[in-house]
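The values are calculated or read from the model by the stated rules, or taken from the named source; none is laboratory data. This is a predicted model, so every value here is computed, not measured. Cβ placement follows ideal geometry from the backbone for every residue including glycine, while neighbour counts extend to all protein chains displayed. Ligands, DNA and RNA are stripped out before the accessible areas are found, and what is left, the full protein with its side chains, is counted by its heavy atoms. Shrake-Rupley method; radii C 1.70, N 1.55, O 1.52, S 1.80 Å.
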Amino acid sequence: MTAEQLWAEFCSKKNVDINTPYEAWGFGGSGDDVTDRLANLVKEGRKFGTASCYELYELEDELDELPKAGDYSVILDGNDEAVCVIRDYDVYVRPFKKVSPFHAYAEGEGDRSLKYWRDVHKEFFEEEIEETDLSFNEDLRVVCEKFSLEYVPGQEVEQELLYVEPSMEYADEIAAYKKEMLEAGSSFDGCFSMKRHDSIKDYVDDCINWSDPSREADERGAWGNVILVIRKSDSKMVGCMQVHNVLTDRMQKYTGHVGYSVRPSERRKGYATKMLAKACDFLTSFGFEEIGVSCLPENEASRKTILANGGEYIETVYFEDDKVDLERYKIRLK
């Protein structure tokens with residue numbers, strides 16, 4: 001199937017205007033096994049991110065061609081056959097050295113670790129800029145894209161939730177989420193510093209800094225990622241997760257690797273179970289074989305979420321800082 005044929009079929013079945021702009025391309029160029037392998041990872045749902053060199057757009061005077069949220073693409077295989085349609089939902093530019101572990105995980109390649117991503121993309125970018133005046137260094141700017149899988153011929157595509165790194169593109173949703181949590185008197189589990197920041201920009205900047213693997217470790221768990229959970233159908237923020245890949249002593253003894261919350265008006269819809277499953281999958285990229293999570297003894301919903309993800313009860317401990325008991329669980333990762 002050609003790109004034009006697949007696009008026409010997609011538009012007809014999904015009620016999209018056929019005149020909507022789109023690009024047709026293959027990962028890593030075209031005509032090789034890598035292109036096929038990466039296209040297959042997209043169809044499997046494992047790969048939902050990609051990266052390109054910002055400096056090349058700049059050098060070729062094509063900054064107006066930079067990808068942006070909402071852009072459609074038809075993905076080609078190594079034979080230039082069209083295999084699926086994707087749509088960008090999270091796009092940002094960041095120095096190579098500051099690309100986060102969650103983005104590396106989203107690219108779906110190898111063991112999905114940041115180390116693997118850096119090794120592969122250093123080589124990829126060096127090849128891309130080889131015949132230019134550019135030279136590779138850790139400050140090379142990278143266009144990071146995350147996308148949803150929209151259509152695969154003959155295959156049901158079910159993608160209810162999108163997992164997004166905090167940015168000002170979602171400022172209104174973050175503000176609405178915070179407002180609803182405050183009005184409901186909910187704890188801000190998994191929201192990092194959302195409650196204490198009056199400015200959404202300060203909160204977003206804090207989240208980006210926390211996920212920066214190039215910075216020095218600090219008292220807040222060294223490094224981790226805040227992940228906004230967006231419902232695809234209406235772009236509403238329904239949840240928030242705080243995923244730690246390095247733990248402080250306090251986290252090891254009490255709170256564990258993952259904190260999460262669901263918007264009060266969106267609870268009892270199964271979102272928390274899906275969110276924790278995604279966090280567990282993300283944590284496999286750090287080489288963990290098991291992780292720790294905890295909940296309040298009276299929080300039956302959170303307990304069910306943990307158990308649904310294979311949680312095994314360890315013990316109940318008293319957390320002096322918050323003057324509460326906590327049930328501690330371990331989850332063995334696949």
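Restricting attention to segment 84-114, which residues are aliphatic (A, V, I, L, M), open to solvent by less than 10 Å² (accessible area, probe 1.4 Å) and more than 30 Å from V16 (Cα to Cα)? Passing the criteria: V99, A104. Test G70 against the criterion of being closer than 16 Å to L38 by Cβ, part of a loop (DSSP other than H, G, I, E, B) and without any contact (Cβ under 8 Å) to a residue 60 or more places away in the chain, and give yes or no. Against the criterion (closer than 16 Å to L38 by Cβ, part of a loop (DSSP other than H, G, I, E, B) and without any contact (Cβ under 8 Å) to a residue 60 or more places away in the chain), G70 does not qualify.
For first residues located in segment 107-120 and within 23 Å of D88 (Cβ to Cβ), partners that are open to solvent by 20 Å² or more (accessible area, probe 1.4 Å) and aromatic (F, W, Y) and lie 6+ apart or on another chain with Cβ distances below 8 Å form the pairs E109/Y116; G110/Y116.
Just to be sure, is V42 modelled with pLDDT under 95 and either among the acidic types (D, E) or under 23 Å from the mean Cα position of the chain (by Cα) (or both)? First the steps, then the outcome.
Details: modelled with pLDDT under 95: no; either among the acidic types (D, E) or under 23 Å from the mean Cα position of the chain (by Cα) (or both): yes.
Criteria not met by V42.
Taken over segment 174-205, residues that are crowded, with 19+ Cβ neighbours inside 10 Å and among the charged types (D, E, K, R) amount to 2.
When each of E127, E160, E81 is tested for being free of Cβ contacts under 8 Å to residues at least 60 places away in the same chain, open to solvent by 50 Å² or more (accessible area, probe 1.4 Å) and not hydroxyl-bearing (S, T, Y), the lone residue that passes is E127. For segment 266-278, the criterion of being over 30 Å from F96 (Cα atoms), in contact (Cβ under 8 Å) with a residue 60 or more places away in the chain and assigned to a strand (DSSP E or B) is met by no residue. Taking segment 105-119 as the range and being touching a His at 6+ places or on another chain (Cβ under 9 Å) and closer than 14 Å to T284 by Cβ as the test, only L114 passes.
No other residue among R118, R141 is in contact with an Asp or Glu (Cβ under 8 Å, 6 or more places away or on another chain) and either farther than 20 Å from P213 by Cα or among the basic types (K, R) (or both) apart from R141.
Look at segment 291-304: where a residue is under 16 Å from S261 (Cβ atoms) and a partner is open to solvent by 30 Å² or more (accessible area, probe 1.4 Å) and not charged (D, E, K, R), sitting 6+ places away or on another chain with Cβ atoms under 6 Å, you get S294/T255. Among the residues making up segment 282-313, those that are more than 15 Å from V226 (Cα to Cα) and part of a helix (DSSP H, G or I) are T284, E300, A301, S302, R303, K304, T305, I306, L307, A308. Of the residues making up segment 1-33, those that are free of Cβ contacts under 8 Å to residues at least 12 places away in the same chain, within 20 Å of K47 (Cβ to Cβ) and either in contact with a Cys (Cβ under 9 Å, 6 or more places away or on another chain) or open to solvent by 60 Å² or more (accessible area, probe 1.4 Å) (or both) number 0.
Yes/no per residue for (1) touching a Ser or Thr at 6+ places or on another chain (Cβ under 6 Å); (2) modelled with pLDDT under 95; (3) open to solvent by 40 Å² or more (accessible area, probe 1.4 Å); (4) among the acidic types (D, E):
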site	(1), (2), (3), (4)
A272	yes, no, no, no
F282	no, no, no, no
S294	yes, no, no, no
P297	no, no, yes, no
K304	no, no, yes, no
R328	yes, no, yes, no
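Scanning segment 194-219 for residues that are hydroxyl-bearing (S, T, Y) and either farther than 17 Å from V164 by Cα or at pLDDT below 95 (or both), we see that the one that is nearest to the chain's Cα centre (by Cα) is S211.
You will find that of V120, V74, V142, V85, the residue that is β-branched (V, I, T) and touching a Lys or Arg at 6+ places or on another chain (Cβ under 7 Å) is V142 and no other.
In segment 184-203, how many are without any contact (Cβ under 8 Å) to a residue 12 or more places away in the chain and small (G, A, S)?
So the answer is 2.
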